[in-house]
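The values are calculated or read from the model by the stated rules, or taken from the named source; none is laboratory data. Worth saying up front: this structure is predicted, and the values here are computed from it rather than measured. Don't worry about glycine lacking a Cβ; one is built from the backbone with ideal geometry, like all the others, and counts go over all protein chains shown.
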Amino acid sequence: MLALLGCSGEGPQSKADSGSDFASGAPQASIGAAITAAEFRDFLDGNYAADMARAPYTASYRGIKTNNDQWNSVAESHQRETRKINLLRLQQMTRFNREVLDEAGRLSWDLYNLDLQRQIASDEFRHHKFVIHQLRGPHTAVASSLINIHQISDVADATAYIGRLNNVGSLFDQVIKQLHIRKDKNFLLADWQYPQMIKACRNIISGAPYDAEGADSALWGDFQSKVGALEIDQEQRKSLLSDARRAMIEVVKPAYLRLIEALEQQAAIAPDADGVWKFDDGEAFYAERLRWFTTTDLSADEIHTIGLAEVARIHGQMNAIMGAVGYEGSLNEFFVFMREDAQFYYPSTDAGRDAYLAEARRLIDEMRTRLPEMFGLLPKSELTVKRVEAFRERSAGKAFYQGPPPDGSRPGIYYANLYNMADMPNYQMAALAYHEGLPGHHMQRAISAELKSIPEFQRFASFTAYSEGWGLYSEQLPKEMGFYQDPYSDFGRLAMELWRACRLVVDTGIHSKRWTREQAIDYLLANTPNSVGDSTKAIERYIAMPGQATAYLIGKLKIIELRAKAREALDEQFDIRQFHDVVLKDGPVPLSILEQKVNAMIAAAATPEEGTN
């Protein structure tokens, strides 16, 4: 495939002269030839294998040890090549007659065709997108991926780990070049974002072996621990440790120092404006981001209006809970009470943090026993709860999930950020555990990774409105199962939903309506019970990831709408387990295709089987 694409600057071939040039691993056939469903599957799987070869870190994340000593490239030449590949694949899709495929094949065709189109459209704004920001980027991914993803079960794995350390320099040089491209185009981050990134960089190269004194750095401690568990002779172990130490001192530290220097140079000229409206074509870029994350054509104004309406609705339900607990005062006063009263927070101590993690595990274990009531499909992979590592906890989000590989060799992980316990109230614990763990992200993503009948690309497709919509839906479902009996816990559920409704308002406010960071923080403080720290970090996240936060509530509202539609249409035939399995059984999909799937379920139930009366 890569030889076919070569280094030509020409566009893709036309259908008339494209001949039989399929991607690596795919079948070859002349134009107009009948191509079977098996050949279409080969085409998809061949493309997936080629993609994993081009994205070594992504391959490792999914349990594939292809080029296990390398990182995903962010080089401009690599990105141009990716665009050519996608254009070629989109052209090749015309060779497959969608209508002769079975139902599953047609779904795969639709998803692949749509995903190619959206990736090509997104590439038009390649440089508008941040290559690094305070929440995510190569600067923290190097450490977090080696620690959490790169397992060492033998000497080859350890050697690959060292190889990745030695390749940090070339990766960061690519990142720095991307920063220069964005500087030349005036696509800079806001001034306050740079110190956070620089601090995170310095955290990673602090401690041994970078410093003469001090505790082991996170990477050095991780490598020693993993190699120490191998059953190898002392000379092999000593050699591996020596090679890793050398790579950290001679490659990793200098690479981080070069990146820090580049970030400091941009920090000196960075603007104080926060939204992407400040960029050339910023409005068009934000519209593309909304389409990408919500998988709808909703405009910024429409999303803003939905958010305001949902905030008002949830405030009404909160007033009812406030009355139920006997609080006398306004809703805003109740927010202050929930924000400041010590009964709602674990102590900011090691014991308090351990207690938080233990309770989160208990909530998930309790939910696990109830899942068969609501689901036919159940995940096989294990789920663990961990605290966000110290080197990234100051800049990381409140909570997030890391999925398992298909073989289950690594568990799914629910990460809780316990840096500031004032940002993690106990009344939100249940909703957060259900969202990130069960029946939320672990349920959806583990099942998707474990599906054997669908193409590989489909298992790992990314449609944020679907996955995050499911996560938010998974906060409400336990309410219907009898959880949240404590009114404060139920208030926490509503507070989490309110948070997502406010996101629609502030995300569009920042990036479309030119709100400042301070205006957006003030809106959250006035309309939610969340702390100043929590609100500040949230707004900083929405600034760094424009449009992403709008996907949660848009996706959840669609799932609720489709469930109501199916329940009304099927009446006594409606089975909640069947509905959930239909949502989960094909992997992530855009909301339009999710609606088609539910409509098909309704139609199938309404059509009598042959031979029945």
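Observations on the structure shown:
- Residue that is farthest from VAL506 (Cα to Cα) [pool: residues in region 540-580 that are charged (D, E, K, R) and surrounded by 22 or more Cβ atoms within 10 Å (Cβ to Cβ)]: LYS558
- For ARG563, the stated conditions do not hold, so it cannot be described as assigned to a helix (DSSP H, G or I), within 30 Å of TYR488 (Cα to Cα), touching a Gly at 6+ places or on another chain (Cβ under 6 Å) and not β-branched (Val, Ile, Thr).
- Test: SER239 is part of a helix (DSSP H, G or I) and either aliphatic (A, V, I, L, M) or at pLDDT 95 or above (or both): yes
- Residue in region 423-432 that is in the same structural domain as GLN548 (by TED's automatic domain parsing) and free of Cβ contacts under 8 Å to residues at least 24 places away in the same chain present: no
- Yes/no for ALA190 being over 23 Å from GLN151 (Cα atoms), in contact with a Pro (Cβ under 7 Å, 6 or more places away or on another chain) and modelled with pLDDT of 95 or more: yes
- Among residues of region 178-229, those that are at positive phi and without any contact (Cβ under 8 Å) to a residue 12 or more places away in the chain, counted: 1
- Test set (1) out of contact with any Asp or Glu (no Cβ under 8 Å at 6 or more places or on another chain); (2) of a type in the set (S, T, N, Q); (3) not in a helix (DSSP H, G or I) - GLN343 fails condition number: (3)
- Single match in ALA190, ALA212, ALA143 (criterion: in the same structural domain as ALA267 (by TED's automatic domain parsing) and over 24 Å from the mean Cα position of the chain (by Cα)): ALA212
Residue-by-condition table, conditions (1) part of a helix (DSSP H, G or I); (2) of a type in the set (Gly, Ala, Ser):
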site: GLN134; (1), (2): no, no
site: ASP157; (1), (2): yes, no
site: TYR161; (1), (2): yes, no
site: CYS201; (1), (2): yes, no
site: GLY214; (1), (2): no, yes
site: ILE232; (1), (2): no, no
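- Test: ALA446 is under 23 Å from THR550 (Cα atoms) and at pLDDT 95 or above: no
- Scanning region 584-613 for residues that are assigned to a loop (DSSP other than H, G, I, E, B), out of contact with any Ser or Thr (no Cβ under 6 Å at 6 or more places or on another chain) and at pLDDT 95 or above turns up LYS585, ASP586, VAL589.
- The number of residues in region 63-115 that are of a type in the set (Lys, Arg), touching a residue at least 12 places away in the same chain (Cβ under 8 Å), surrounded by fewer than 19 Cβ atoms within 10 Å (Cβ to Cβ) and within 23 Å of SER453 (Cα to Cα) comes to 2.
- Among the residues of this structure, ILE559 does not count as one that is outside the structural domain of LEU524 (by TED's automatic domain parsing), over 26 Å from the mean Cα position of the chain (by Cα) and among the β-branched types (Val, Ile, Thr).
- Subset tally (residues that are farther than 26 Å from LEU557 by Cβ and either in a loop (DSSP other than H, G, I, E, B) or within 23 Å of the chain's Cα centre (by Cα) (or both)) for region 264-281: 10
- Counted residues, region 314-335 - those being in contact with a Pro (Cβ under 7 Å, 6 or more places away or on another chain) and surrounded by 15 or more Cβ atoms within 10 Å (Cβ to Cβ): 2
- Meets criteria (touching a strand residue (DSSP E or B) at 6+ places or on another chain (Cβ under 6 Å), surrounded by 13 or more Cβ atoms within 10 Å (Cβ to Cβ), over 27 Å from SER206 (Cβ atoms) and not small (Gly, Ala, Ser)) for PRO405: no
- Taking region 446-528 and the helices (runs of 4 or more DSSP H) fully enclosed by it, the elements with 3 or more residues that are among the basic types (Lys, Arg) and buried (at least 19 other Cβ atoms within 10 Å of the Cβ) are at 487-511.
- Checking TYR415, TYR427 one by one, the residue that is among the hydroxyl-bearing types (Ser, Thr, Tyr), buried (at least 20 other Cβ atoms within 10 Å of the Cβ) and under 17 Å from the mean Cα position of the chain (by Cα) is TYR415 and no other.
- Tally of residues being crowded, with 18+ Cβ neighbours inside 10 Å, out of contact with any Pro (no Cβ under 7 Å at 6 or more places or on another chain) and not small (Gly, Ala, Ser) across region 278-288: 3
- Taking the numbered list (1) in a loop (DSSP other than H, G, I, E, B); (2) closer than 27 Å to ASP581 by Cα; (3) within 21 Å of the chain's Cα centre (by Cα) in turn, GLY397 passes all entries but (2).
- Test: ARG353 is basic (Lys, Arg), without any contact (Cβ under 8 Å) to a residue 24 or more places away in the chain and assigned to a helix (DSSP H, G or I): no
- A Cβ distance below 8 Å, combined with a sequence gap of six or more or placement on separate chains, defines the contacts here; from region 546-558, residues that are more than 17 Å from LYS398 (Cβ to Cβ) reach residues that are not in a helix (DSSP H, G or I) in the pairs PRO546/GLY275; ILE554/THR296; ILE554/LEU298.
- Sole residue being out of contact with any Leu (no Cβ under 9 Å at 6 or more places or on another chain) and hydrophobic (A, V, I, L, M, F, W, C), chosen from ALA526, ALA538, ALA549, ALA544: ALA526
- Condition met for LEU290 (more than 18 Å from ALA551 (Cβ to Cβ), assigned to a helix (DSSP H, G or I) and at pLDDT 95 or above): no
- For region 267-288, the criterion of being basic (Lys, Arg), touching a residue at least 24 places away in the same chain (Cβ under 8 Å) and not assigned by TED's automatic domain parsing to the domain that holds THR516 is met by none of the residues.
- No other residue among ASP51, ASP45 is in a helix (DSSP H, G or I) and under 20 Å from the mean Cα position of the chain (by Cα) apart from ASP51.
- The C-beta contact set for region 402-418 (first residue in a loop (DSSP other than H, G, I, E, B), second residue of a type in the set (S, T, N, Q) and surrounded by fewer than 20 Cβ atoms within 10 Å (Cβ to Cβ), distance under 7 angstrom, 6+ apart or interchain) comprises ARG410/GLN151; PRO411/THR384.
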